[in-house]
Amino acid sequence: MDNNNDKLYLAHFLFPEASGAKEVKDVLQKGAEAERICRLKFSEGEYVQDLCLQVHKQKTLVTGLKETEAFSYELKTPEEIRRACYYLLNCFQLAHSVPPEVPALLMSRSKYEELLRKSGSYTLCFLSECLTAETGDEEFSPLLAKAMKNPTAGGELRLCSRHNEAWSFQQASYMEDHSGGWLVRVSCRASEDWMVAVPLTRLQLCSSFYKWMMQPSEVSNPE
């Protein structure tokens, strides 16, 4: 992160709403030597998290980003990191249910984001029709539409991994309704325009997040 352009891109990717704020600069300064950095946002009812996790060789630094609840603490053991991954995603399930085999739903990221913005004003039927027209999947697009229209929980992961002083980026969101959860991965490069949605339980999300946190240097997709 010696290169100023890298710093600016990293700040903009992790904090698109406030990449120049002092708080953001402080967080990035602490993560200057991190191997991986994650911005995690998650909400379910009154449970709300917005924080940054910086993975170093000997520790993981967790920093709260909400102005009213600023905090910072360190995690040092794999068990501490595992518990944090489950706690931050509000997951206390014991049974590991597996969603049915469903083909991944593919469509344009820009079109998906447009439908997501308008989902509140669309009827469920019309939203399902729009998604089906984009994905070509008549069976499972309505299930994704339900989660988009009336989510009971949701969050976002912005994942950054360092490789020889260069950073790679992944962005994914999670949404859940009473019928199940979906992981939605989207393109990060301006030259690309894609979205991939797959069914995923909360427990699977936590497990994949923990595996990414424990990776020594390789990028791992949360699938």
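The values are calculated or read from the model by the stated rules, or taken from the named source; none is laboratory data. For clarity, every value in this text was computed on a predicted model and none was experimentally measured. All Cβ positions, glycine included, derive from the backbone under ideal geometry; neighbour counts span all protein chains shown.
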Exercise. Could you please let me know if Asp50 is acidic (Asp, Glu), in contact with a strand residue (DSSP E or B) (Cβ under 8 Å, 6 or more places away or on another chain) and in a helix (DSSP H, G or I)?
Key: no
Practice problem: Select, from Ser208, Ser179, Ser217, the only residue that is buried (at least 18 other Cβ atoms within 10 Å of the Cβ) and either more than 16 Å from Tyr112 (Cβ to Cβ) or modelled with pLDDT of 95 or more (or both). | Solution: Ser208
Quiz item: Can you tell me which residues in region 109-144 are buried (at least 16 other Cβ atoms within 10 Å of the Cβ) and in a loop (DSSP other than H, G, I, E, B)?
Solution: Ser119, Tyr122, Asp137, Phe140
Exercise. State all residues of region 7-53 that are loosely packed, with under 12 Cβ neighbours inside 10 Å and of a type in the set (Lys, Arg); if no residue qualifies, say none.
Key: Lys22
Quiz item: Given the residues Thr152, Thr123, Thr135, which is the only one that is hydroxyl-bearing (Ser, Thr, Tyr), touching a Leu at 6+ places or on another chain (Cβ under 7 Å) and on the phi < 0 side of the Ramachandran plot?
Solution: Thr135
Practice problem: Can you run down the residue pairs with Cβ atoms below 6 Å, 6 or more apart or on separate chains, where the first is in region 9-31 and farther than 16 Å from Ser161 by Cα and the partner is of a type in the set (Phe, Trp, Tyr) and at pLDDT 80 or above? | Solution: Val24/Phe15
